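Some notes on the structure that comes next.
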Amino acid sequence: MSDADPRRSIPRTDVLLADPRLMDAAGRLGRTIVRRAVSGAQDRARRGEVLPDEVADAAVALLPRRASTLTPVLNATGIVVHTNIGRAPLSAAAVQAVLDAAGHVDVEMDLATGARSRRGAGALSALREAVPAAGDALVVNNGAAALVLATTALAAGREVIVSRGELVEIGDGFRLPDLIASTGARLREVGTTNRTHLRDYIDAVGPETGCILKVHPSNFRVDGFVSAVGLAELRAARRPDGSPVAVVADIGSGLLTHDAALPDEPDATSALDDGASLVTASGDKLLGGPQAGLVLGDASTVELLRRHPLARALRVDKLTLAALEATLRGPEPPVWVALHLTADELRPRTARLAQALGRDVVGVEGRVGGGGAPGFALPGWAVEIPVAAVERLRRPPGDIPAVLARVEGGRGLVDLRCVPAERDDDVRDALAVALADEDRAP
Ligand SMILES: *Cc1c(COP(=O)(O)O)cnc(C)c1O
């Protein structure tokens, strides 16, 4: 290496860290991330890829945009509850509540007296106001946790009676029978895959029964020669001494009251009215809130779960409680808005987008997705794009937001159903870039 070799004059780390842009980034992103960018830029200078006086600029260019590697995505799939991109986006009210709760908050303190209070009392009373049929409520980490807690508290060491038609796999290899077995409860399967009768349940009830579990098959449908037992009928199931058997209804989707737009989707209020002792559900499916497991039911059964030692391991943090309460008390969340958008409402937005890009509008069917209303179609419209552009939309250059479109029948589809209307222009700009690359491709 000669004296004239520019690699000799690569700026030192402390000099680079004093660059105002990198100092500012250290405040936002943390020193570790900035140091990594600085040493990456120095490495590039050593390899002769940048000049010594360009190293600071190169370090700035290497900085990630945010401290978390989670990248925001605009959902243009038309799938309302998409598990791989975080299910429900929060309402503006819930986002604000999360920000407010991010510091110190009175999550477990009565500010009037300074005494300890019931954790998350606000979210719990919001739940009870939303579902007056429930005597009490409890919130845990997710729907699976709610089910684990319910079966553990009611049936560990005893039997959970469940129909063979409801032994479902919910996603990512998560199987209900395995989950229940992990709690130490024994699964007592009754009926067959397609037909289960009240008699099957009644014959299975005995001294070993912990509870009856009804699971909503939220991601598939069985058609044809099928028969299942409704919750109301299960009231007839009694122990040998005549006492009632606790019935747990895992409704999955988290609808609190019936929604005429989703006629076949179970809801917590109807399940409790029909006699369920407990309802378990997710907070981030059709309710449109944060990831959470909701437990609603008669007060003494909920109390049994609350006092179980496992409840402490499954509890939720203040951010979840804040977002859940604001979802329940605030304006309709984005999931609700997306589910209730009509094809007529989507048409002008889609036409504007298509016209700006010189593309065609095609009729499509959106989906509820993520464990709700299987097979239920949401009629709408989409802009058709080449499949190759779908990939580029996912990994855009520079400051352009990532957009997730859908691929169906060999074509790319951009469906605005789940895109907030005020972000339509962002989708247009991202598409313009992805399609321009398309035109340049050979
Ligand atoms: C989604 C779902 C679950 C699991 O809920 P998570 O919140 O994902 O843990 C359990 N049961 C049913 C019926 C579901 O649809």
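Per-structure values
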read-out	value
Single match in Val148, Val160 (criterion: part of a strand (DSSP E or B), touching a residue at least 12 places away in the same chain (Cβ under 8 Å), within 16 Å of the ligand (Cβ to nearest atom) and within 20 Å of Thr301 (Cα to Cα))	Val160
Residue identified as at pLDDT 95 or above, crowded, with 24+ Cβ neighbours inside 10 Å and away from the ligand (no atom under 12 Å from the Cβ) among Gly297, Gly289, Gly283, Gly293	Gly297
Residue in the stretch 131-145 that is within 16 Å of the ligand (Cβ to nearest atom), within 16 Å of Leu314 (Cβ to Cβ), in a loop (DSSP other than H, G, I, E, B) and not hydroxyl-bearing (Ser, Thr, Tyr) present	yes
Hey, Val226 in the same structural domain as Asp284 (by TED's automatic domain parsing), of a type outside the set (Lys, Arg) and surrounded by 19 or more Cβ atoms within 10 Å (Cβ to Cβ) or not	no
Test: residue in the stretch 385-403 that is within 16 Å of the ligand (Cβ to nearest atom), buried (at least 24 other Cβ atoms within 10 Å of the Cβ) and over 14 Å from Cys418 (Cβ atoms)	no
Criterion violated by Leu328 - all others in (1) crowded, with 19+ Cβ neighbours inside 10 Å; (2) within 16 Å of the ligand (Cβ to nearest atom) satisfied	(2)
Test: Gly369 is of a type in the set (Gly, Ala, Ser), at pLDDT below 95 and over 17 Å from Asp424 (Cβ atoms)	yes
Count - residues of the stretch 158-193 that are among the hydrophobic types (A, V, I, L, M, F, W, C), surrounded by 15 or more Cβ atoms within 10 Å (Cβ to Cβ) and either within 24 Å of the chain's Cα centre (by Cα) or over 19 Å from Leu231 (Cβ atoms) (or both)	8
Pair list, Cβ < 7 Å and 6+ apart or interchain, from the stretch 327-346 residues that are in a helix (DSSP H, G or I) to residues that are charged (D, E, K, R) and modelled with pLDDT of 95 or more	Ala338/Arg417; Leu346/Arg417
Selection from the stretch 234-263 of residues that are within 21 Å of Asp284 (Cβ to Cβ) and not aliphatic (A, V, I, L, M)	Asp250, Gly252, Ser253, Gly254, Thr257, His258, Asp259
Close pairs (8 angstrom Cβ cut-off, 6 or more residues apart or separate chains): part of a helix (DSSP H, G or I) in the stretch 293-311, surrounded by 18 or more Cβ atoms within 10 Å (Cβ to Cβ) and among the polar types (S, T, N, Q) anywhere	Thr301/Ser277; Leu310/Thr152
Criterion: β-branched (Val, Ile, Thr), touching a residue at least 60 places away in the same chain (Cβ under 8 Å) and assigned to a strand (DSSP E or B) - qualifying residue of Val407, Val364, Val383	Val364
Qualifying residue in the stretch 98-108 (condition: assigned to a loop (DSSP other than H, G, I, E, B) and under 21 Å from Ser282 (Cβ atoms))	no
Restricting the stretch 264-273 to residues that are in a loop (DSSP other than H, G, I, E, B) and touching a residue at least 60 places away in the same chain (Cβ under 8 Å), the residue that is nearest to Leu286 (Cα to Cα)	Glu265
Listing of helices (runs of 4 or more DSSP H) fully contained in the stretch 172-263 that carry 1 or more residues being within 16 Å of the ligand (Cβ to nearest atom)	176-181, 231-234
Counted residues, the stretch 243-254 - those being touching a strand residue (DSSP E or B) at 6+ places or on another chain (Cβ under 8 Å) and either farther than 20 Å from Gly206 by Cα or among the small types (Gly, Ala, Ser) (or both)	7
Filter result (small (Gly, Ala, Ser) and closer than 20 Å to Val335 by Cβ) within the stretch 403-425	Ala405, Ala421
Set Arg367, Arg352, Arg394, Arg428: member being under 30 Å from Asp259 (Cα atoms) and basic (Lys, Arg)	Arg367
Every pair of residues 6+ apart whose Cβ atoms lie under 8 Å, when the first sits in the stretch 190-213 and is without any contact (Cβ under 8 Å) to a residue 40 or more places away in the chain and under 13 Å from Val247 (Cβ atoms) while the second is part of a loop (DSSP other than H, G, I, E, B) and of a type outside the set (D, E, K, R)	Leu198/Val229; Leu198/Ala236; Leu198/Ala237; Ile202/Ala236; Ile202/Ala237
Residue count for the stretch 206-223, restricted to those that are surrounded by fewer than 21 Cβ atoms within 10 Å (Cβ to Cβ) and more than 32 Å from the chain's Cα centre (by Cα)	3
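The values are calculated or read from the model by the stated rules, or taken from the named source; none is laboratory data. Because the structure is a prediction, the values reported are computed rather than measured. Here Cβ is always computed from backbone atoms with ideal geometry, including for glycine, and neighbour counts include all displayed protein chains.
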